[in-house]
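In what follows, a single structure is set out as structure tokens and then discussed.
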Amino acid sequence: MSLLFALFLIGVILLFAIGIYSLLVTTNLIRVLVSIEVLTKGVTLMLIAVGYATGQMAQAEAYVITIIVIEVILLAIATGIVLGLYRESGDILTHDIPTPKE
């Protein structure tokens, strides 16, 4: 295992640890979205590391670009939902999310 691959793995582990920790601790929905972004950055870094280790960088880069495009679309939709929730209830904390009206 090369030094560069080891550094990639350390970075991935740190990103996963930070993302999981912030997902478990926070109650703010914007911070939850940022935590999910950190986790997906860890996944993209892992794909680049695996592409480097296997010698298939072009395929790994294609996967990463696809993941980034999907990630941006989902983040835009999730941010719109959070803003709509804020307009509805005036708060974006997870324990204050109103239940749907029947």
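Read-outs throughout are calculated quantities, based only on the coordinates presented, and are distinct from any laboratory measurement. On a predicted model such as this, the values are computed, not experimentally measured, just so you know.
Got a sec to turn the phi values of the stretch 60-70 into Karplus ³J(HN,Hα) couplings, 6.51 cos²θ - 1.76 cosθ + 1.60 with θ = phi - 60°, whole Hz, x for Gly and Pro?
Along the stretch 60-70, the couplings run 5, 5, 5, 5, 5, 5, 5, 5, 5, 5, 5 Hz.
Report, in deg cm²/dmol and to the nearest 500, the calculated mean residue ellipticity at 222 nm for the chain, where each DSSP H run with n ≥ 4 adds -39500 (n - 2.57) and the sum is divided by the residue count.
So the helix-based figure for the chain works out to -29000 deg cm²/dmol.
Give the angle, between 0 and 90 degrees and rounded to the nearest 10, that separates the Cα long axis of helix 3-25 from the longest principal axis of the Cα atoms of the chain.
Approximately 10 degrees, to the nearest 10.
Only one of the listed values, (1) 13.3; (2) 15.4; (3) 16.2, was derived from the coordinates as Kirkwood radius over Cα pairs in Å; which label is it?
Derived directly from the coordinates: (2).
Which whole-number percent gives the relative contact order of the chain, counting Cα pairs below 8 Å spaced six or more residues apart?
27
By how many nm would the segment from LEU4 to THR26 grow when fully extended, if each residue of separation counts as 0.36 nm and the alpha-carbon distance is taken off?
Net length gain for the segment: 4.6 nm.
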